[in-house]
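Taking it in order: structure first as structure tokens, then the write-up.
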Amino acid sequence: MSKRVIYIVGVVIIALLAIIAVQQYMLYQTKQYSPESTAQYTSSDVNIKVTYSRPSKKGREIFGDLVPFGKWWRTGANEPTVIEVSRDIVFGEDQRLPAGKYSLITIPDASSWTVIFNSQIPDWGTDYFPESDIVNVTARLENLPDVVELFTIDFTEDNGTPALILAWDHTKVTVPFSVL
């Protein structure tokens, strides 16, 4: 191999390493402001894990402004929010979500939200592929008296019925489900 080829290969390798280093630094920086978190629901029937990033309110108007009404939202910050389900679950009467891994997308509105489970999990949360929607659920909205500063995903049970909870600012969205 000539010195010129070795030089070009060396430059390409250094450039690739620099790009990877910059990407990792930027990821680190964004996660300082919107830390990564995990919500889990475990019962004898199913294990559900949600991995997401938690943006802060920081005095901003959230829904209808920072997160516009009627437009899709990655439901968190940074990478897409990912939900992993160990067993089939059902929303409502017949919205079946097969066991698997999905991106969690929402379309907020002033009175209800559409919660979407999508089979595509992009590298970053800026892409959405509606043709890959598996389940779309209309979710109940509740106005909270106190502010939830950090976007939060959690699970709860009401009379034995589990539910996925999304809360931020003065808004709480509840998505009940059952296990098959």
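Each reported figure results from applying straightforward, stated rules to the coordinates on display, with no laboratory input. Small disclaimer: the values here were computed from a predicted structure and weren't measured. Counting neighbours? That spans all protein chains shown, and the Cβs are built from the backbone with ideal geometry, glycine included.
Here is how the numbers come out for the structure above:
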read-out	value
Test item: Cα-centred dipole of the chain, Lys/Arg +1 and Asp/Glu -1 on Cβ, debye	940 debye
Per-q log10 I(q)/I(0), the chain, q = 0.13, 0.14 Å⁻¹ (Debye; single scatterer per alpha-carbon; no solvent)	-0.69, -0.78
Two-decimal Rg/Rh across the stretch 104-159, once Rg and the Kirkwood Rh are taken from alpha-carbon atoms	1.01
Relative contact order (%) - criterion: Cα under 8 Å, at least six apart; region: the stretch 34-179	21 percent
Per-pair calculated FRET efficiency, R0 = 22 Å: residue 37 and residue 111 via Cβ, rounded to 0.05	0.20
Net lengthening on full extension, residue 131/residue 101 (0.36 nm per residue, minus Cα-Cα)	9.2 nm
Residue among 59, 10, 20 farthest towards the positive dipole end of the chain, charges placed on Cβ	10
Qualifying GluC sites (Glu not before Pro) in the stretch 65-158, DSSP loop, other Cβ atoms within 10 Å at most 16	93
Restricting the stretch 121-171 to chymotrypsin sites (Phe, Trp or Tyr not before Pro) in coil, as DSSP defines it, with at most 16 other Cβ within 10 Å	124
The chain: calculated mean residue ellipticity at 222 nm from DSSP helix runs of at least 4, using -39500 (n - 2.57)	-6000 deg cm²/dmol
Å³ per residue enclosed by the Cα convex hull of the stretch 66-145	114 Å³
